[in-house]
Amino acid sequence: MSQTPIKVGIAGLGRSGWGIHVNTLSSLPQQFQIVAAMDFSAERRDEAAAQFGATPYADYDALLADQNVEVVVVATPNSAHKDNVVAALQAGKHAVCEKPFGTTSSEADAMIEAARVTGKIAAPFQNRRYEAHFGKVREIVQSGVLGELHLIRLCVHGFGRRWDWQTLKEFSGGFLNNWGPHVVDHALQLMNLPDEAPDPEVWVDMRRVLAVGDAEDHIKMVLRAPSGPAVDVELSSAIAFGQDRWLIAGKNGSLRGTTDSLEWKWVDWTSMPERVVDKTPTAGRSYNSEKLEWHSDSWSGKNGDSELNSLFYQGFYRAIREGAPLDITPQNVRRQIAIIERAKELGGFA
């Protein structure tokens with residue numbers, strides 16, 4: 001079992017490539033070593049070379065030809081993810097794919113197949129699967145305390161203009177590809193559909209409100225499966241009064257909260273008198289009323305982005321060096337990509 005650091009080449013030194021991947025990998029020197037970096041910007045290449053001694057490349061194929069590189073982190077624009085990951089796998093490298101893991105289900109399938117054929121690992125960077133609030137929500141839902149669920153609502157709201165490449169459809173930009181891989185992923189994990197189940201039905205309203213480019217910045221999406229709760233997702237950079245991230249409603253009670261605090265309350269119906277339908281006129285023309293015996297609980301906590309990213313890469317290290325299974329497999333995120341693809345088609349932003 002090798003304990004030597006994994007030698008990494010990073011493709012794309014922008015917000016994610018540098019701000020997430022470079023910063024995280026450089027904080028784990030016992031596990032990872034940045035040995036190469038590719039970007040079209042000479043300034044960014046020089047920065048990586050000066051700070052980490054990374055071999056700089058202006059060409060992606062040249063990075064793949066570097067025999068010193070074991071893993072390629074693909075942090076290029078969304079539209080290039082599939083081609084870059086497949087090329088890395090075919091060059092004998094493992095790959096980490098910044099979200100989204102492809103922009104269509106066929107792109108996700110191509111990466112999954114390339115990993116199978118080459119025997120290399122293609123890891124989707126789903127860092128927010130490790131968020132503490134999501135873990136707690138899943139724990140509460142799985143405990144059954146809320147009863148059978150009928151609604152899951154998730155919101156990511158903000159208000160502001162954006163005018164960079166992520167507002168352009170030609171680069172597979174838009175708010176859905178930016179936040180959907182996190183929030184739709186959380187929703188699907190809570191829906192807990194069997195692998196063989198068909199994808200949920202999708203209803204969507206998508207608009208470009210404030211973004212300067214031609215991609216969407218406001219999404220209202222509803223997911224429905226034959227059984228289980230309806231899932232209501234709002235992702236918007238055009239809502240000035242942001243709402244809580246979470247609202248979950250079940251037969252016994254509800255949960256609400258943010259990314260750092262949750263509260264939930266429930267009723268134990270077995271402790272309440274049984275009710276039967278009464279067809280007779282209501283005495284005194286009154287409305288049905290009973291005193292509910294509420295139980296409640298709360299949680300607060302937060303793990304910052306640096307911890308989430310570190311947890312992902314520690315799991316990735318175990319997969320490469322120790323042969324452990326990936327915490328989050330490509331197959332596990334394929335349905336997420338298919339739903340985002342379907343939403344973009346229905347919303348007119350494909």
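Before moving on, here are some points about what is shown:
- Cα radius of gyration and Dmax for region 147-241 (Å): 14.4, 44
- Linear extension gain, LYS279 paired with LYS251, 0.36 nm per residue minus alpha-carbon span: 7.7 nm
- Packing-based exposure ordering (other Cβ within 10 Å, fewest first) of TYR287, TYR130: TYR287, TYR130
- Antiparallel content of DSSP bridges confined to the chain, in %, to 5: 55 percent
- Our summary gives the chain a relative contact order of 18 percent, counting only alpha carbon pairs under 8 angstrom and 6 or more residues apart.
- Simple rule: put +1 on each Lys or Arg Cβ and -1 on each Asp or Glu Cβ in region 1-92, find the dipole, and look at LEU89, PRO56, ALA42; the Cα lying farthest toward the positive end is LEU89.
- Relative exposure of PHE349, PHE52, judged by other C-beta atoms within 10 Å (fewest first): PHE52, PHE349
- Charged-residue dipole, Cβ positions (Lys, Arg, Asp, Glu), the chain about Cα centre, Debye nearest 20: 480 debye
- Residues CYS97, CYS155, sorted so that the one with the fewest Cβ neighbours within 10 Å comes first: CYS155, CYS97
- Based on DSSP H segments of at least four residues, each scored -39500 (n - 2.57), the chain has a per-residue ellipticity at 222 nm of -9500 deg cm²/dmol.
- Pairs exceeding 27 Å between alpha-carbon atoms, taken from LYS120/LYS344; LYS220/LYS251; LYS7/LYS302: LYS120/LYS344; LYS7/LYS302.
- Computed from Cα atoms, the angle from the helix 175-191 axis to the main principal axis of the chain rounds to 50 degrees.
- Shape class of region 1-131 from the alpha-carbon gyration tensor: rounded, with the ratio a/c of largest to smallest axis under 1.5.
- Looking at the chain, the pairs of alpha carbons with a distance over 34 Å make up 33% of the total.
- Cα-projected label distance for SER261 with LYS302, points at 7 Å along beta-carbon direction, nm: 1.1 nm
Quick note: the coordinates plus some simple rules give every number you see, no bench work behind them. Worth saying up front: this structure is predicted, and the values here are computed from it rather than measured. Don't worry about glycine lacking a Cβ; one is built from the backbone with ideal geometry, like all the others, and counts go over all protein chains shown.
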